[in-house]
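Participant: One structure, as structure tokens, below. Some questions next.
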Amino acid sequence: MVALNRVQKLVHSMIGVVISETSLLKFVLRLYQALEEWEDQATQEIIKTHAINVDETSLRVDKKNHWIHVYSSGDITLKFLHRKRGKEAIESINIIPQYKGVIIHDCWSSYFSYKQCGHGLCGSHLLRELTFIVESNDYKWASNMKRLLQETCKKVSTSPHKKLNDQELANLQKRYRNILTRGDKELPIIPPRPSGKRGKLAKSDAHNLWERLKEHEASVLLFAKNPHVSFTNNRAEQDLRMAKVKQKVSGCFRSEVYAHAYCRISSYLQTMASKGINPLIAIQMALAGESF
């Protein structure tokens, strides 16, 4: 998580010995290699879960942009580095292509190309977008939709079964569709495409959000129907937060292998922390071959 020269100073202050950067990097690679079997087993375990929170964030490696992809469920956190963000990376990591549960995400189009699994959309992202629409345009439909999602989230969280019953779901769906119907009348009409022009028509943020809410109704409301589906994707975002802190504090990685090592080791330590295991003990377990 910190620069090598800072690690050297820290170790020197504790034991009075200066360890070379080369030795420190060898220690990192040793732990990275020791965790290969753990990562394979954790991958098989997460595929069996009911729902997975997924997200991605950029990371600079050798002055080039890469992406960290995170998969989180229960006490398991897995992070993988890839040069791409979209479907090529998802196929290479090969968790979602063989997954049959529900993936919770922020409506990234690449995720929707996988039809064998369910999809839940992050309510926090939707609420932020609705707040922006209300503050920018003062649309009543956006304000009503925001209130409906917040009320439903509160009702689900206080429900003993963490979901709505059939009658409550029917009422929710009716209110949801009524709000969108009124919103269609409130939004300005999109002008027809000029003759001879090709490509997508430019639409406002409000139009795009309205269309997304209409198209992905089932995914937006899945948290009220499935108790395993959370209202937000905050879990995945929190698991990625330290990667952004690391990049801000220590800069980019100079070599791709150490970026891969960072992803695997931090995944392991976050997973073990979720199980209540001290990180130093977790590292000893990994090097002794007891991590899995």
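Participant: Work out from phi, with θ = phi - 60° and the Karplus expression 6.51 cos²θ - 1.76 cosθ + 1.60, the ³J(HN,Hα) of each residue of region 231-240, listed in order in whole Hz, and give x for Gly and Pro.
Facilitator: 5, 10, 9, 4, 4, 5, 5, 5, 5, 8
Participant: Assign unit charges at the C-beta atoms only (+1 for Lys and Arg, -1 for Asp and Glu), then state the dipole size of region 1-137 relative to its Cα centre in Debye, rounded to the nearest 20. Working shown, then result.
Facilitator: On the way: 16 positive and 15 negative charges, 86 e Å.
Here the size comes out at about 420 debye.
Participant: With charges only on Cβ, +1 for K and R and -1 for D and E, what is the dipole size of region 18-66 about its Cα centre, in debye, rounded to 20?
Facilitator: Values: 6 positive and 9 negative charges, 56 e Å.
For region 18-66, the charge dipole is close to 260 debye.
Participant: Projecting each Cα onto the charge dipole of region 120-168 (Lys/Arg +1, Asp/Glu -1 at the beta carbon, about the Cα centre), which of C153, T131, W141 comes out farthest on the positive side?
Facilitator: C153
Participant: For A51, list long-range residues whose amide hydrogen, built 1.01 Å from N in the peptide plane, is under 5 Å from its own amide hydrogen.
Facilitator: V102
Participant: Can you order the peptides 24-30, 228-234, 207-213 by their average number of other Cβ atoms within 10 Å per residue, highest first?
Facilitator: Values: 24-30: 14.1, 228-234: 21.0, 207-213: 18.0.
Result, highest mean first: 228-234, 207-213, 24-30.
Participant: Of all beta bridges DSSP finds with both residues in the chain, what is the antiparallel percent, to the nearest 5?
Facilitator: Numbers: 16 of 24 bridges.
Of the beta bridges lying entirely in the chain, close to 65 percent run antiparallel.
Participant: Compute the acute angle (0 to 90°) between the alpha-carbon long axis of helix 123-137 and the principal axis of greatest extent of the alpha-carbon atoms of the chain; round to the nearest 10°.
Facilitator: 50
Participant: Right, something else. I'd like the per residue volume of the convex hull spanned by the Cα atoms of region 32-87, given in cubic angstrom.
Facilitator: On the way: hull volume 5.3 nm³, N = 56.
Spelled out: Cα convex hull of region 32-87, divided by residues, is 95 Å³.
Participant: While we're on this one: Along region 153-162, what does the Karplus equation 6.51 cos²θ - 1.76 cosθ + 1.60 (θ = phi - 60°) give for ³J(HN,Hα), rounded to whole Hz, x for Gly and Pro?
Facilitator: 4, 5, 5, 5, 5, 8, 6, x, 9, 6
Participant: Ignoring everything except DSSP H segments at least 4 long, calculate the 222 nm mean residue ellipticity for the chain; use -39,500 (n - 2.57) per segment, divide by total residues, nearest 500. Don't skip to the end; give the middle numbers.
Facilitator: Numbers: 13 runs with 164 residues, N = 292.
Mean residue ellipticity at 222 nm (helix-derived): -17500 deg cm²/dmol.
Participant: Next up: Over the Cα atoms of the chain, each weighted equally, I'd like the Debye log10 I(q)/I(0) at q = 0.08, 0.13, 0.16 Å⁻¹, rounded to two decimals.
Facilitator: The Cα Debye sum returns log10 ratios of -0.45, -0.99, -1.27.
Participant: List the residues whose amide H sits under 5 Å from the amide H of T77, counting only those 5 or more places along or on another chain, with H placed 1.01 Å from N in the peptide plane.
Facilitator: Under 5 Å from the amide H of T77: T271.
Participant: Another question about this same structure. Rounded to whole Hz and in sequence order, give me ³J(HN,Hα) for region 248-264 from the Karplus expression 6.51 cos²θ - 1.76 cosθ + 1.60, θ = phi - 60°, writing x for Gly and Pro.
Facilitator: Calculated HN-Hα couplings, in order: 5, 7, 10, x, 7, 7, 8, 9, 5, 5, 6, 5, 4, 4, 4, 4, 5 Hz.
Participant: How long is region 212-265 along each principal axis, judged by its Cα atoms, biggest number first, in Å?
Facilitator: 45, 23, 19
Participant: Report, to two decimal places, the Cα Rg of region 1-134 normalised by 2.2 N^0.38 Å (N = number of residues). Don't skip to the end; give the middle numbers.
Facilitator: Details: Rg = 19.1 Å, N = 134, 2.2 N^0.38 = 14.1 Å.
Region 1-134 yields a ratio of 1.35.
Participant: On to the next question. Using the basic label-point model (7 angstrom from Cα toward the beta carbon), what is the K154 to M1 distance in nanometres?
Facilitator: My value for the distance between the label points is 3.6 nm.
Participant: When the Kirkwood radius is taken over all Cα pairs of region 76-162, what Stokes-Einstein diffusion coefficient follows at 4 °C and 1.567 mPa s, in µm²/s?
Facilitator: Numbers: Rh = 15.5 Å.
Once the numbers are plugged in, D ends up at 84 µm²/s.
Participant: Mind checking the dipole of region 95-253: about its Cα centre, +1 per Lys or Arg Cβ, -1 per Asp or Glu Cβ, Debye to the nearest 20?
Facilitator: Dipole size: approximately 200 debye.
Taken together, the values in this text are just the output of simple stated rules run on the coordinates, not laboratory data. Worth saying up front: this structure is predicted, and the values here are computed from it rather than measured. Positions of Cβ are generated from backbone atoms using ideal geometry, with glycine treated the same way; all protein chains shown enter the neighbour counts.
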